[in-house]
Amino acid sequence: VEGSNPPLCAVTALRQIPSWNGGTVYTISGALLWIAYVFCRVLSAPICMYSFHLDMATDPAVAYMSENKSLHLAWHVLMWVCFVFIYGLSLYWFWLITRSLYKALRGDFAAGAGEKKEK
C-alpha cells in the first residue's frame, strides 16, 4: 500500500500549482500513480488475503486466532467483511484514478479548467 503514496503525493502537490495542473509532469505522475496502484493495491490485496485465508484454514500453528472454534470463525468472518469493504473502497479509488488519467491522456486537463473544448 505504501508504494502508491509517493506518486499520490506528487499528484496532490502538482494539483496545488495552477501552472503544473494538467501538464506533462502531472500526467506522468498520474500514470505512475495508476501503475503503483495496480501492483500495490488492486493485485496484491487479493493475493495477500488468499494467503492469509489459507494459513488460517490449514495451518493453525501459524494463524489460528483462538482455540475456541466459534471465536476463530468469528475472526475469520470479520476479516473477510473488512477485506470486502476496504477492497471495495480501493477499487472505487482505482476507478477515480483511471478516469482522471484517461482525461489527462485525452487532453481534457490541457484545455484549462474554465475553457470548453470546441466540437
Legend entry - Whether the range 38-94 is rounded, prolate or oblate, judged on the alpha carbon gyration tensor where a/c under 1.5 counts as rounded: oblate
Inset, instruction - Output ³J(HN,Hα) for the range 91-97: one whole-Hz value per residue in order, computed from phi by the Karplus curve 6.51 cos²θ - 1.76 cosθ + 1.60 with θ = phi - 60°, and x for Gly and Pro. - result: 5, 5, 5, 5, 4, 5, 5
Inset, instruction - Would you mind telling me the share, in percent, of accessible area of the chain contributed by carbon and sulfur at probe 1.4 angstrom? - result: 69 percent
Inset, instruction - Give the Cα extents of the chain along the principal axes, in whole Å, largest first. - result: 66, 25, 19
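The values are calculated or read from the model by the stated rules, or taken from the named source; none is laboratory data. Just so it is clear, the structure is predicted and the values come from calculations on it, not from any experiment. Remember, those area values only see protein heavy atoms, side chains included, never the ligands or the DNA or RNA. Shrake-Rupley method; radii C 1.70, N 1.55, O 1.52, S 1.80 Å.
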